[in-house]
Amino acid sequence: MRMTRFRSDVSESEVTPEGLWLRRREFLQLGAAGAIGAILPAAGRAGEPTGERLPTVRRVELASGETPTRWDDVTGYNNFYELGTDKGDPRSNASALRTSPWTVRIDGEVKQPLTVDLDDLLRWFPLEERVYRMRCVEAWSMVIPWVGFPLSSLVKRAEPSSRARYVAFTSVLDRERLPGQRRDVLAWPYVEALRLDEATHPLALIAVGLYGRVLPPQNGAPLRLVVPWKYGFKGAKSIVRISFTSEQPRTTWNLAAPREYGFYANVNPAVDHPRWSQARERRIGELRKRPTLPFNGYGTEVASLYAGLDLARNF
Ligand code: MTE
């Protein structure tokens, strides 16, 4: 992944005041009940959200009240190498991804392996809206109103055995149709993984939509992983398989460049990428850079997962 420049048209926002962080913690304590019914800001002048609307049971705001990044940017500035390596390629090539029919294989260290049709899987859990910051390892970031369900619900339903310690997520493989998979830019299919305790953390999400609409192909339709305290590359798109393992899975970016992309990939301003600083980031739509926060600002919730771990070595 390389650094990319992009057009900016809004002046700098300040770093989040303390009071808003406290509010975020309150949301977690309240189970987000207080956030039901809040209204999203308009998508902005450039384009309104499109696509089928999704019903949600609640809204959880976990981005300190920051305005979500414009729909046009969330769906037009993407990393999805299966659809091309330039930021605009995934939207241009979106039609190459066939999202129906779609099945997900759940296997490995589970009570009963199974293949589930997406429509059935979507009936398993109520959908909710989760507004999260997303920080890419390339030092840009967004605020995204996802629609999805907690990964922990799916893990529970899968009934992992006592031997399960990790969960691997495999993205779609379709060399015939996906233009990016005709070249060996990465070892296809794209695989990412979490420790089981990370996967069952309440912030880990399986997203099926954004801005209240069905996920566009370029954002990883029909379902993708969202782990807001980690660099964006952990969030595997267009998932076809979820495997529980006892050994740490081999993951795509870590295999491609182990010194640049660690297994943990927790957002960490103190550990630079070998080719650029991670201390600051550019929020898409803003002019100036802002400081990057440890665990992308979710440290209160997740830091205990890494107690005793040297985060400079286990990056
Ligand atoms: N998943 C797959 N299958 N292929 C990819 O190239 N890119 C990752 C991640 N998931 C990627 C992927 C990276 S580097 C980032 S930053 C996010 O998706 C980008 O998600 P977005 O385009 O929805 O913002």
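Quick notes on this structure:
- Near pairs, Cβ below 7 angstrom, 6+ apart or cross-chain, from region 224-240 (over 13 Å from ASN79 (Cα atoms)) to any residue that is among the aromatic types (Phe, Trp, Tyr): LEU225/PHE169; VAL226/TYR132; VAL226/TRP146; PRO228/TYR132; PRO228/TYR298; TRP229/PHE295; TRP229/TYR298; ILE239/PHE169
- Test: residue in region 271-281 that is surrounded by 19 or more Cβ atoms within 10 Å (Cβ to Cβ) and within 13 Å of the ligand (Cβ to nearest atom): yes
- Residue count for region 206-237, restricted to those that are charged (D, E, K, R) and either farther than 12 Å from MET134 by Cβ or assigned to a loop (DSSP other than H, G, I, E, B) (or both): 2
- Counting residues in region 152-174 that are within 30 Å of PRO49 (Cα to Cα), within 16 Å of the ligand (Cβ to nearest atom) and in contact with a helix residue (DSSP H, G or I) (Cβ under 6 Å, 6 or more places away or on another chain) gives zero.
- Test set (1) part of a loop (DSSP other than H, G, I, E, B); (2) in contact (Cβ under 8 Å) with a residue 40 or more places away in the chain; (3) over 30 Å from ARG105 (Cβ atoms) - ASP310 fails condition number: (2)
- The set of residues in region 101-160 that are assigned to a strand (DSSP E or B), closer than 30 Å to ARG288 by Cα and either out of contact with any strand residue (DSSP E or B) (no Cβ under 9 Å at 6 or more places or on another chain) or not hydrophobic (A, V, I, L, M, F, W, C) (or both) comprises GLU129, ARG130, TYR132, ARG133, ARG135, SER141, PRO145.
- Cβ pairs under 7 Å, 6+ apart, first in region 93-106 and in contact (Cβ under 8 Å) with a residue 24 or more places away in the chain, second open to solvent by 50 Å² or more (accessible area, probe 1.4 Å) and part of a strand (DSSP E or B): THR103/THR115; THR103/ASP117; VAL104/ARG241; ARG105/THR115; ARG105/ARG241; ILE106/LEU114
- Verdict on LEU203 being open to solvent by less than 40 Å² (accessible area, probe 1.4 Å), more than 20 Å from LEU255 (Cα to Cα) and not in a strand (DSSP E or B): yes
- Just one of the listed residues (SER153, SER171, SER162, SER141) is open to solvent by 20 Å² or more (accessible area, probe 1.4 Å), under 29 Å from ARG59 (Cα atoms) and small (Gly, Ala, Ser), and it is SER153.
- On inspection, PRO189 passes the criterion of being out of contact with any Phe, Trp or Tyr (no Cβ under 8 Å at 6 or more places or on another chain), within 13 Å of the ligand (Cβ to nearest atom) and not in a strand (DSSP E or B).
- Of all residues in region 243-261, those satisfying the criterion of being touching a residue at least 12 places away in the same chain (Cβ under 8 Å) and open to solvent by less than 70 Å² (accessible area, probe 1.4 Å) are SER243, PHE244, THR245, SER246, PRO249, THR251, THR252, TRP253, ALA256, GLU260, TYR261.
For every residue, the table says whether it meets (1) more than 9 Å from the ligand (Cβ to nearest atom); (2) surrounded by 21 or more Cβ atoms within 10 Å (Cβ to Cβ).
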{"site": "ALA63", "(1), (2)": "yes, yes"}
{"site": "TRP71", "(1), (2)": "yes, yes"}
{"site": "VAL74", "(1), (2)": "no, yes"}
{"site": "LEU83", "(1), (2)": "no, yes"}
{"site": "ASN93", "(1), (2)": "yes, no"}
{"site": "LEU97", "(1), (2)": "yes, yes"}
{"site": "SER100", "(1), (2)": "yes, no"}
{"site": "GLY108", "(1), (2)": "yes, yes"}
{"site": "PRO113", "(1), (2)": "yes, no"}
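- For the residues ARG250, ARG259, ARG288, the requirement of being more than 17 Å from the chain's Cα centre (by Cα) and at pLDDT below 95 singles out ARG288.
- All of TYR231, TYR264 fail the test of being among the hydroxyl-bearing types (Ser, Thr, Tyr), near the ligand (Cβ under 9 Å from one of its atoms) and open to solvent by 10 Å² or more (accessible area, probe 1.4 Å), apart from TYR231.
The values are calculated or read from the model by the stated rules, or taken from the named source; none is laboratory data. Worth saying up front: this structure is predicted, and the values here are computed from it rather than measured. Quick reminder, even Gly has a Cβ in these numbers, built from the backbone with ideal geometry, and neighbours come from all protein chains shown. Calculation scope for accessible area: heavy atoms of the full protein, side chains included, ligands and nucleic acids excluded. Shrake-Rupley method; radii C 1.70, N 1.55, O 1.52, S 1.80 Å.
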